[in-house]
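Since the structure comes first, as structure tokens, the remarks are kept for the end.
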Amino acid sequence: MIRHAWRDRLAPDEQAQVAELLRSAVAYDEEAGFSTALVPDGGQGGEPTGAAGPIGAAERVEQLVVTLLPREERGSAAHDHLPEGTVVAYLRADVDAGGGALVQLVVRPELRSLGVSTLLLEQLSDPDRDDGWASRGIVALRAWSHGRHPAAERMSRRFAATRSAEVFKVLRAVGGSRPFRDDGVDRDAPGDPAIEPVDGERLHGTRMPEEHLATLAPVDRETRGRRSSLITSADVAVLAIGADADEPARRTAVLDLLGDVELDRAELRRVLVTGLLRIQEQGARLGQLYVDASDRDLVSVSRNLGFVHDQSDVLYRADATQRAVG
């Protein structure tokens, strides 16, 4: 049904098709919160090229396009309306020096649940092929599944992937008829948090894995872009926050814990309360926070402050040579 090809650089027609594929997938997946893939600037991999350059410790970006076979070889008349050469899936792999790869795969919405992803991964893991993972020096795979992606669990079982990390997206209602209040917080505690405008030099490292943030759904990436103020404790920036400047009541505000400072539960509570009160003052009605599932203090404090679970994002790992099971 399909064939795939690695690309050092996307041809102009492929760039256009991949862009259209990603636009349609983003629109289709928006409510579910599924992630998409970023295409390197100009469709070229290799060295960093701005926001879409190699992620984290990766040294290069490898790209793969999946197209349909000629009509007589597709095996189903349901696909005959698509012309030959149509890009039906796009894969991006950010590869580090050891051959580990962060993989992002997006399939055209109308061709999902037809085995495209399964067939592609079977082809890539086949050691007898000269266009598999090994041809690009890839030996280990990582992939973030954002939200309840219908294929994630099924694919992880089929290719013996293991769950390596989990991040919760949690939400807290503020403002309106039931405003958030800071009951139970010791406002006279030493090092009471202060609020300052965002300073690029101090807006560094978050508590969330960089690869998780780099693979967020566009709507969640937009929410993080609303960081406009810093909450500081003992003159150290510990939380970035912000509501939408134009429609704060309609669009979700952000609370983003910064990662260089260890805070105990009392300090975490004071900082988050200060952030919630601030976005409420800005007119927000909903605040969003990412919580590492392994951070027991943050999980506990956020629950006690009334944050509710919205979705779970899971990191899967697999051996690139693992053949499909069953």
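State the Cα centre-to-centre distance between segment 253-326 and segment 108-178 in whole Å.
Segment 253-326 and segment 108-178 have Cα centres spaced 22 Å from each other.
How large is ³J(HN,Hα), in whole Hz, for each residue of segment 128-133 in order, when computed from phi with the Karplus curve 6.51 cos²θ - 1.76 cosθ + 1.60 and θ = phi - 60°, using x for Gly and Pro?
8, 9, 9, 10, x, 4
When a footprinting reagent is the concern and you count Cβ atoms within 10 Å, what order do HIS146, HIS4, HIS309, HIS81 take, fewest first?
Final ranking by Cβ density, sparse to dense: HIS81, HIS309, HIS4, HIS146.
Amide H to amide H, which residues 5 or more places from ASP310 or on other chains are under 5 Å from it, using H placed in the peptide plane?
HN-HN under 5 Å from ASP310: LYS169, VAL170, LEU171.
Using the number of other C-beta atoms within 10 angstrom as an exposure proxy, rank LEU114, LEU263, LEU121 with the fewest first. The partial results should precede the final answer.
Numbers: LEU114 16, LEU263 20, LEU121 24.
Listed from fewest to most nearby Cβ atoms, that is LEU114, LEU263, LEU121.
Which residues' amide hydrogens lie under 5 Å from the amide hydrogen of THR206, considering only partners 5 or more residues apart or on another chain, with H built in the peptide plane?
Amide H to amide H, under 5 Å and 5 or more residues apart or across chains, THR206 pairs with GLY259.
Using a 10 angstrom cutoff on alpha carbons, build the Gaussian network for the chain and name the most mobile of ALA240, ALA143, ALA97.
Result for the chain, Cα springs under 10 Å: ALA97 fluctuates most.
Taking the 0 to 90 degree range and rounding to the nearest ten, how far is the long axis of helix 12-29 tilted relative to the main principal axis of the chain, both from C-alpha atoms?
50
Would you please classify the overall shape of segment 120-171 from the alpha carbon gyration tensor, given that a ≥ b ≥ c denote the square roots of the eigenvalues, rounded means a/c under 1.5, and beyond that prolate means a/b larger than b/c while oblate covers the rest?
Details: a/c = 3.02, a/b = 2.23, b/c = 1.35.
Since a/c reaches 1.5 and a/b is larger than b/c, the shape of segment 120-171 is classed as prolate.
Where in segment 221-326 are there GluC sites (Glu not before Pro) that are in a DSSP coil and have at most 12 other Cβ atoms within 10 angstrom of their Cβ? Intermediate values should be presented prior to the final figure.
Values: sites: GLU222, GLU262, GLU267, GLU281; in loops: GLU262.
Filter output for segment 221-326: GLU262.
With a/c under 1.5 counting as rounded, go ahead and sort segment 168-312 into rounded, prolate or oblate using the C-alpha gyration tensor (a ≥ b ≥ c being the square roots of the eigenvalues; past the cut-off, prolate if a/b is larger than b/c, else oblate). Each step should come with its number before you reach the end.
On the way: a/c = 1.21, a/b = 1.07, b/c = 1.13.
Rounded.
How far apart, in nanometres, would the label points at VAL198 and ASP297 be if each is projected 7 angstrom from Cα along the Cα-to-Cβ direction?
2.6
Evaluate the distance, in nm, between pseudo-label points positioned 7 Å from the Cα of GLN15 and of LEU114 along their respective Cα→Cβ axes.
Rounded to a tenth, the inter-label distance reads 2.8 nm.
How would you classify the chain from its alpha-carbon gyration tensor, with a ≥ b ≥ c the square roots of the eigenvalues: rounded for a/c under 1.5, else prolate if a/b is greater than b/c, otherwise oblate? Walk me through the intermediate numbers first.
Details: a/c = 2.25, a/b = 2.06, b/c = 1.09.
Prolate, because a/c is 1.5 or more and a/b exceeds b/c.
For a quick check, take a GNM of the chain with Cα springs below 10 Å and name the residue from PRO209, PRO40, PRO12 with the largest mean-square fluctuation.
Of the options given, PRO12 has the highest mean-square fluctuation.
Using θ = phi - 60° and the Karplus curve 6.51 cos²θ - 1.76 cosθ + 1.60, what whole-Hz ³J(HN,Hα) does each residue of segment 240-247 get, with Gly and Pro shown as x?
9, 9, x, 9, 5, 5, 9, 9
Mind listing the long-range amide H neighbours of ILE2? Cut-off is under 5 Å, sequence gap 5 or more, other chains count too, H placed in the peptide plane at 1.01 Å from N.
Amide H neighbours of ILE2: LEU69.
Can you list the HN-Hα couplings for segment 215-224, worked out from phi with the Karplus curve (6.51, -1.76, 1.60; θ = phi - 60°), rounded to whole Hz and with x for Gly and Pro?
Each residue of segment 215-224 in turn: 10, 5, 5, x, 5, 6, 5, 5, 4, 4 Hz.
Would you mind calculating the relative contact order of the chain from Cα pairs under 8 angstrom and at least 6 residues apart, reporting the percent as a whole number?
Details: 640 pairs, mean separation 68.8, N = 326.
Relative contact order of the chain: 21 percent.
Please identify every one of the trypsin sites (Lys or Arg not before Pro) in segment 258-326 that sits in a loop by DSSP and has no more than 14 other beta carbons within 10 Å of its own beta carbon. Don't skip to the answer; put the middle values down first.
Numbers: sites: ARG265, ARG269, ARG270, ARG278, ARG285, ARG296, ARG303, ARG317, ARG323; in loops: ARG285, ARG323.
In loop regions of segment 258-326 (DSSP not H, G, I, E or B), the sparsely surrounded trypsin sites (Lys or Arg not before Pro) are ARG323.
Summing -39500 (n - 2.57) over the DSSP H runs of n ≥ 4 in the chain and dividing by its residue number, what mean residue ellipticity at 222 nm do you reach, to the nearest 500 deg cm²/dmol? Write out the running numbers ahead of the final one.
Values: 7 runs with 72 residues, N = 326.
Here the helix-only value at 222 nm equals -6500 deg cm²/dmol.
Computed from the coordinates by the stated procedures, all read-outs in this text should not be read as laboratory data. Given the structure is predicted, the values throughout are model-derived calculations rather than measurements. As a convention, Cβ positions derive from the backbone with ideal geometry for all residues, glycine included, and neighbour counts pool all protein chains shown.
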